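The values are calculated or read from the model by the stated rules, or taken from the named source; none is laboratory data. Predicted model, so just to flag it, every value in this text is computed and none were measured. Cβ placement follows ideal geometry from the backbone for every residue including glycine, while neighbour counts extend to all protein chains displayed.
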Amino acid sequence: MNTVLVQEAERYNTLIIAMNKDLTLFMEANRGRLVMNEELELLGIKMNNNEVPFGWTEEKGCGFLSIKPLSNWIIDLIQRMEFMREWEAHGTPICFWFCGFFFPQAFMTGIKQN
């Protein structure tokens, strides 16, 4: 089960790093310190429309599968990360949030192996 936790944590870390990079670049472009390119402009449009930006979605391989608007997607992301933190801090939980996994098949394989 520790392998599943590590793999999930790596996926969340990759997503958070991508979000941090994109948001930092977007803020710098808004301040006029960077040139606002098409990708950053699209990021701003998506956020303004309460849509998850393409770079953070499952299609790019970075995010998790979801059809929620951006505001609810962020809340979901926070809850998923909290679930992983609790698992890491307090050991294997008694009950698992199956939908909170990036790759539930790996979790099921880990359960079978245990």
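Odds and ends about this structure:
- Odd one out for Phe103 among (1) within 15 Å of Gln7 (Cβ to Cβ); (2) loosely packed, with under 13 Cβ neighbours inside 10 Å: (2)
- The set of residues from region 33-59 being outside any loop (DSSP other than H, G, I, E, B), within 21 Å of Phe101 (Cβ to Cβ) and free of Cβ contacts under 8 Å to residues at least 24 places away in the same chain comprises Glu58, Glu59.
- Close contacts from region 75-103, counting a first residue that is among the small types (Gly, Ala, Ser) and a second that is surrounded by 14 or more Cβ atoms within 10 Å (Cβ to Cβ), with Cβ to Cβ under 6 Å and a gap of 6+ residues or different chains, come to Gly100/Arg80; Gly100/Phe83.
- Consider region 13-38 and keep the residues that are surrounded by 11 or more Cβ atoms within 10 Å (Cβ to Cβ) and of a type in the set (D, E, K, R). The one that is nearest to Gly55 (Cα to Cα) is Asp22.
- Residue within region 65-76 that is modelled with pLDDT under 90, in a loop (DSSP other than H, G, I, E, B) and under 23 Å from Leu40 (Cβ atoms) present: yes
- When Phe83 is tested against (1) within 20 Å of Met108 (Cα to Cα); (2) among the aromatic types (Phe, Trp, Tyr); (3) at pLDDT below 90, only condition (3) is not met.
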